[in-house]
């Protein structure tokens with residue numbers, strides 16, 4: 001079945017440093033979504049990418065969808081303590097008519 | 001607040017028992033999804049209903065079942081509970097059959 005992996009599993013940065021998480025799918029995706037889950041909270045939708053090579057920005061967050069539509073990345077510039085949480089990518093596509101969540105990257109930011 | 005409500009917030013029960021988790025989607029959303037999240041684990045998709053019909057199935061155990069009612073709320077039934085079923089169960093909803101999902105606060109199930 002479709003598998004979606006994320007790296008790294010965990011990253012600890014100092015506030016102000018940049019952060020990137022990478023998402024790789026075993027199959028071609030029709031779209032990819034990103035979610036953030038704060039500690040003790042529920043996942044919150046951030047963005048959806050649909051087109052090959054698409055790049056979208058939300059303030060300090062930059063999302064990219066690969067040309068082959070099998071990978072994606074989320075880059076945070078100048079992290080803040082409010083960025084703490086686990087970031088999940090979720091891909092829709094292949095033979096499965098369902099969203100497959102990635103394994104998640106937990107981000108810790110300290111002063 | 002996502003607009004998705006889940007009850008109860010916490011549930012403690014014994015092995016072998018049966019429980020029902022309830023979810024009310026956002027107003028206007030036709031799809032309801034159920035996910036299981038174990039400690040420090042990712043989100044495991046269980047099942048999706050769209051406008052009352054089962055649309056997609058994930059790794060849902062045979063001991064688990066779900067349904068979506070005419071008013072679009074959904075229930076997840078977990079039976080013959082085992083210790084390993086202890087987890088956070090999230091419900092999510094979306095407007096259509098696909099698209100961005102809005103998650104509820106979750107139900108934390110503890111099986112002792």
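Derivation of every value follows stated rules applied to the coordinates shown; laboratory data play no part. Not measured: the values here are computed from a predicted model. Note that we place each Cβ from the backbone using ideal geometry, even for glycine, and neighbour counts take in every protein chain shown.
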Length-normalised contact order of chain A in % [C-alpha pairs under 8 Å, at least 6 apart]: 38 percent
Distribution of pairwise C-alpha distances over the protein assembly as shown, 10 Å bins, in %: 8, 33, 35, 19, 4, 0
Label-to-label distance, nm, for residues given as residue B:80 and residue A:26 (7 Å Cα→Cβ offset): 2.7 nm
Neighbouring partner chain Cβ atoms per residue of B:41-51, average, 10 Å criterion: 3
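Nearest 5 percent is fine: what portion of the DSSP beta bridges confined to chain A is antiparallel?
Taking every DSSP beta bridge with both residues in chain A, the antiparallel ones total about 90 percent.
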Number of partner chain Cβ atoms within 10 Å, mean per residue of B:58-65: 1
Shielding score for B:100-109, defined as the mean number of other chain Cβ atoms within 10 Å: 3
P(r) histogram, all alpha-carbon pairs of segment A:22-69 included - 5 Å bins from 0, percent: 5, 19, 27, 23, 15, 8, 2
DSSP beta bridges in the protein assembly as shown [antiparallel fraction, %, rounded to 5]: 90 percent
Inter-part distance where segment A:47-111 and segment B:65-103 are each reduced to a Cα centre, Å: 24 Å
Taking only Cα atoms of chain A, radius of gyration then Dmax in Å: 13.4, 45
For chain B, the spread of Cα positions along each principal axis, largest first, Å: 37, 27, 23
Ranked by how many other beta carbons lie within 10 Å on average, peptides B:4-14, A:50-60, B:73-83 from highest: B:73-83, B:4-14, A:50-60
